[in-house]
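Presented below is the structure to which this report refers.
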Amino acid sequence: MKVAVFALNYKNNYSGGRIHALMMAHGFAANGYTVDYYTNLAPVFFDDFNIYPGSENLHLKVSKYFNFPRVNNYDLLLVVPHLASKKSIVFDRFFFYPTVKKFQSASKCQLWFLDFESPNWINKLTPQSRPESAYKYSNKILPSVDAILSTTKEGTKYAAEYYARFNPNLSFKQLYLSINSKVADGFIDTQKRNQVIYFGRFGEKHKNSNVLNDIINALPAGYILLVIGNPAKLNPQIYQALINQAKENSIELVFKSGISESEKYKHLASSKLLIYSSSFEGYGLPPIEAQYVGTPALCSDIPVLREVNKGAEFINFDDKEALTAKINSMLNTNYDKDKLKASVSSFAEFDNYVKNIKYLVDSI
């Protein structure tokens, strides 16, 4: 079987959606399929994934302007959409999506569309956070698509409602994404320290990063609060206020950005708790990654996070008193690392993901 994956990548960007696309390409390759990954530039994290079986079956095809000759012997095409940008009026209209359609016309095979989150879903939970115009170019390829592939059951419900408006003949499929488990496996026995880890995407309203103040106030003195995020994207006054607040509370506030997969899992595994305050997620990798390496997760109480994090705990982050009590309770609980890992490994472990992909492909 021969598969083509089409994805736009960004320079020095570890976007979850881009990692999702490459992980799926590796999942196809590990099943013995020949996979051509078409992109405008090599993902910055590309070499991090070459540890997986079948990597020799994955071939990177790079063209800055997506100017690829048509190939007519594919059995399945997967298009990975992206939100509209200033460049989309040219790149998406005349290069990216038209190239996908040309390949489909040449191969006469099924075209699958990878669904991260449909706008009706994100705007229901965080109103007016994303205009539908951000999807205007990716929506234009939907009449040519055979199936929508969503990551969760919750996402599939909204996908069926939204995408059928553009193509009533679509089928809807669902596949949980693996984490980078081959890297994570090397950190499972890491010793814990008095550290809490938080993933901050500053400037994105639904990530709810304003709770950092409350987290600092809730932590016991002497703890480290490790924030995975770029502080340069914070308002300078807010950043300085956080630094001052942490110093006053005897909390060591550390920011890290642009970390490798190994660094990420080292920090997750050495922490006593992951706090994940996002009020909307299409999937949400960090809580799954944390539990896989034996670190408990405290998450926003939203359906999609409950669906995939059976071993996590949940809270309304607006309740400051409850947040303080929950954080301290979790820091003083002796969690069973094996149980935390088992709660996610059936879908998050790469070997299981490969099997799940085969079941999905066999369905066509």
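Every read-out reported here was derived from the displayed coordinates using simple, explicitly stated rules and does not represent laboratory data. Quick caveat, the model's predicted, so the values are computed rather than measured. Glycine also receives a Cβ, built like all others from the backbone with ideal geometry; neighbour counts cover every protein chain displayed.
Computing FRET efficiency as 1/(1 + (r/R0)^6) for Ser85 and Asn334, where r is the C-beta to C-beta distance and R0 is 45 Å, gives about 0.45. Cα centroid separation, the stretch 109-139 to the stretch 1-77: 22 Å.
Specify the angular offset, from 0 to 90 degrees and rounded to the nearest 10, of the alpha carbon long axis of helix 320-331 from the longest principal axis of the alpha carbons in the chain. With both axes taken from Cα atoms, the answer is about 90 degrees. Cα axis of helix 261-270 to longest principal axis of the chain: angle in degrees, 0 to 90, nearest 10? That works out to roughly 30 degrees.
Picking from Leu219, Ser270, Tyr198, whose Cα lies most toward the positive end of the charge dipole for the chain (charges on Cβ: Lys, Arg +1; Asp, Glu -1)? With unit charges placed on the Cβ atoms, the residue in question is Tyr198. Run down the aspartates and glutamates and flag those whose C-alpha is under 19 Å from the C-alpha of Lys326, throwing out any fewer than 8 positions away in its chain. Correct list for Lys326: Asp214, Asp301, Glu313, Asp318, Asp336. Applying the criteria of a DSSP loop state and at most 15 other Cβ atoms within 10 Å to the chymotrypsin sites (Phe, Trp or Tyr not before Pro) of the stretch 1-69 yields Tyr10, Tyr65. Under 5 Å between amide hydrogens, built in the peptide plane, is the criterion, and for Phe314 it picks out Cys299 among residues at least 5 positions away or on other chains.
Taking the Cα centre of the stretch 88-203 as origin and assigning +1 to Lys and Arg Cβ atoms and -1 to Asp and Glu Cβ atoms, the resulting dipole is close to 180 debye. Suppose a student asked you for the relative contact order of the stretch 140-264, using Cα pairs under 8 Å spaced at least 6 residues apart; what percent would you report? Over the stretch 140-264, the number comes to 21 percent. Computed about its Cα centre, the charge dipole of the chain is approximately 1060 debye, with only Lys, Arg, Asp and Glu carrying charge at their Cβ. Counting only residues at least eight positions apart within a chain, or on another chain, the lysines with an alpha carbon under 16 Å from that of Lys153 are Lys173, Lys310. Looking at this model, which pairs from Lys247/Lys320; Lys124/Lys233; Lys87/Lys124 are more than 22 angstrom apart at the alpha-carbon? The answer is Lys124/Lys233; Lys87/Lys124. When the helices of the chain are scored as -39500 (n - 2.57) per DSSP H run of n ≥ 4 and the total is divided over every residue, the value at 222 nm lands at -10500 deg cm²/dmol.
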